[in-house]
Amino acid sequence: MYPVMLNLEGKNILIVGGGRIAKRKVNGLQGEGAHITVIAPEIDAEIERMDVACIQHPFIKQDISQYDIVFITTNDDDVNKQVMECVYDNQLVNDCSNKSNSNFFNVASFKHEDMRIMISSEGVSPEKSKALKHKIKALLK
């Protein structure tokens, strides 16, 4: 894996799933200038109040070529498989339930003064990354 920061200004992002993980992804992406769409049969009320497009119905095999980045945040293996069958080679995909389906991983990050500090376990242990982020943040206070 090669670590980078992405300029998301004007990028189209699809989040499949409308629960806790989807909400975390939307929170992290907001303010980055991306166009975010969430699709799920049920979408968390907090997500619906955010500045994102919400499509409240189950994911169906469809043309998702207009999206630059796809996050799969469901706990339904059949839906996750359907999404993977629809993605294109040129899309960045993060399957939150199956690391092997992902071609990128999120990092735990925070801003400190004029720095952005990032920690990655390359998808192996997001919990450990988050815990280490909090420890480092506390040291810098």
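The values are calculated or read from the model by the stated rules, or taken from the named source; none is laboratory data. Predicted model, so just to flag it, every value in this text is computed and none were measured. Note that we place each Cβ from the backbone using ideal geometry, even for glycine, and neighbour counts take in every protein chain shown. Just so you know, the surface numbers come from the protein's heavy atoms only, side chains and all, with ligands and any DNA or RNA stripped out. Shrake-Rupley method; radii C 1.70, N 1.55, O 1.52, S 1.80 Å.
Listed residues N94, N27, N90; which is in a strand (DSSP E or B) and within 20 Å of M5 (Cα to Cα)? Matching residue, one of N94, N27, N90: N94. Only residues that are closer than 28 Å to I136 by Cα, open to solvent by 50 Å² or more (accessible area, probe 1.4 Å) and of a type in the set (A, V, I, L, M) were counted across the stretch 91-109, and they come to 1.
The residues on offer are K61, K81, and the sole one that is touching a residue at least 24 places away in the same chain (Cβ under 8 Å) and open to solvent by 50 Å² or more (accessible area, probe 1.4 Å) is K61. Collect the residues in the stretch 43-56 that are outside any helix (DSSP H, G or I) and either in contact with a Lys or Arg (Cβ under 6 Å, 6 or more places away or on another chain) or modelled with pLDDT of 95 or more (or both), keeping them in residue-number order. If the condition is that a residue be outside any helix (DSSP H, G or I) and either in contact with a Lys or Arg (Cβ under 6 Å, 6 or more places away or on another chain) or modelled with pLDDT of 95 or more (or both), then I43, D44, R49, M50, V52, A53, C54, I55, Q56 are the ones that fit. Looking only at the stretch 12-32, filter to residues that are out of contact with any Gly (no Cβ under 9 Å at 6 or more places or on another chain) and among the basic types (K, R); which one of those is surrounded by the most Cβ atoms within 10 Å (Cβ to Cβ)? Per the criteria, the residue is K23.
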